[in-house]
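Notes to accompany the following structure.
The values are calculated or read from the model by the stated rules, or taken from the named source; none is laboratory data. Quick caveat: nothing in here was measured; it's all calculated off a predicted structure. Don't worry about glycine lacking a Cβ; one is built from the backbone with ideal geometry, like all the others, and counts go over all protein chains shown.
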Amino acid sequence: MKLKTLTIFLAGLIVSTQVAAWPWSTDMMNQPSIKPQEGPPAAFPKRSIPTIGIPTKVANRQEAEKLKNPIKPTAESIKQGRKLFRIICAACHGLSGKADSPVSPKIGAIDLTSDYVQQTLAEGWIWGTITFGSAIMPAYGVPNEQGGSNDLSPEERWHVVNYVRKQLVRDSAGMASAN
């Protein structure tokens, strides 16, 4: 008798939970919304950026060499460049820019405070190297076959150039004297 009562009780409990869930169990699925692939595609918001990034108007580093820096080396630009340099570039070139990070000798990173970089290379070439990369350095401005890095916008790359050319040597000297 107890087994029969227990069976009826459990059956009633199962049926009652099913009945209680019935009208509400599909509410999340049937709410008013636009389902994927339903209706015409919505227009992109104004000033939206494509998923492959902001296009660069030059094709390679050689073309970039002729470019003139459109961003004036103001204190704000240099500050922005320093911040970006420390995030993107310092892992390989070191905080001082002297290729003194632990990985620098292993990958052949160059000293950005050298006369070669500071006086010989054009600002456009430096910008192009950041944009398109080099033999070992990855590109930080154009999509690649894996989908693209595009870590820095064209303007951000110019801020980094301003920092490298106008402030990095002084910051590096300050770091050396602090040690």
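A compact table of results
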| read-out | value |
| --- | --- |
| Verdict on F132 being touching a Phe, Trp or Tyr at 6+ places or on another chain (Cβ under 6 Å) and either of a type in the set (D, E) or touching a residue at least 60 places away in the same chain (Cβ under 8 Å) (or both) | no |
| Flag if A59 is farther than 20 Å from I126 by Cα, loosely packed, with under 14 Cβ neighbours inside 10 Å, modelled with pLDDT under 95 and among the hydrophobic types (A, V, I, L, M, F, W, C) | no |
| Candidate set: region 98-145, residues that are under 15 Å from F85 (Cα atoms), out of contact with any Asp or Glu (no Cβ under 8 Å at 6 or more places or on another chain) and charged (D, E, K, R); chosen: the one surrounded by the most Cβ atoms within 10 Å (Cβ to Cβ) | D111 |
| Wholly within region 64-137, helices (runs of 4 or more DSSP H) carrying at least 1 residues that are of a type in the set (S, T, Y) and farther than 17 Å from L152 by Cβ | 104-107 |
| Pick from region 6-56, criterion at pLDDT below 75, in a helix (DSSP H, G or I) and of a type in the set (S, T, Y), ranking: nearest to L152 (Cα to Cα) | T17 |
| Test set (1) farther than 19 Å from S172 by Cα; (2) of a type in the set (D, E, K, R); (3) surrounded by fewer than 19 Cβ atoms within 10 Å (Cβ to Cβ) - R86 fails condition number | (1) |
| Criterion violated by S153 - all others in (1) within 22 Å of the chain's Cα centre (by Cα); (2) surrounded by fewer than 21 Cβ atoms within 10 Å (Cβ to Cβ); (3) on the phi > 0 side of the Ramachandran plot satisfied | (3) |
